[in-house]
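Following: one structure in structure tokens, then a few remarks.
The values are calculated or read from the model by the stated rules, or taken from the named source; none is laboratory data. On a predicted model such as this, the values are computed, not experimentally measured, just so you know. So basically every Cβ, Gly included, is an ideal-geometry build from the backbone, and we count neighbours across all protein chains shown.
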Amino acid sequence: MHMYLNYARKHWTRVDENPPVGLILCSQPDAAIAQYALEGLPNKVLAAQYKLALPQEKVLVEEIRRTREKTANRQALQTAVRGSTKKPKR
């Protein structure tokens, strides 16, 4: 995971983005193993227990809608910032 995050940060992350985050899904929680495996890494790696069932369809649809809205707002803001930093033509 650590190697993958280093590669992603160097080759895929844009200047205006936060560093990548690793997510490890565990079938059973074991705080001690997670602590010793991840402690001291300079990259942000998270561990979480996963669920075997998906949420209801309407919950997923709403989450997708909110995510799309946030993405559109972020893109509009980036476009506005880029437009305001252009030098006027003479």
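Numbers below:
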| read-out | value |
| --- | --- |
| Lone unmet requirement of (1) at pLDDT 80 or above; (2) in a helix (DSSP H, G or I) for S84 | (1) |
| Residue, farthest from Q75 (Cα to Cα), within the range 1-18, restricted to residues that are among the hydrophobic types (A, V, I, L, M, F, W, C) and part of a helix (DSSP H, G or I) | M3 |
| The range 6-45 - residue that is loosely packed, with under 10 Cβ neighbours inside 10 Å and in contact with a helix residue (DSSP H, G or I) (Cβ under 9 Å, 6 or more places away or on another chain) and, of those, modelled with the highest pLDDT | D16 |
| Some residue of the range 46-60 being of a type in the set (A, V, I, L, M, F, W, C) and at pLDDT 85 or above | yes |
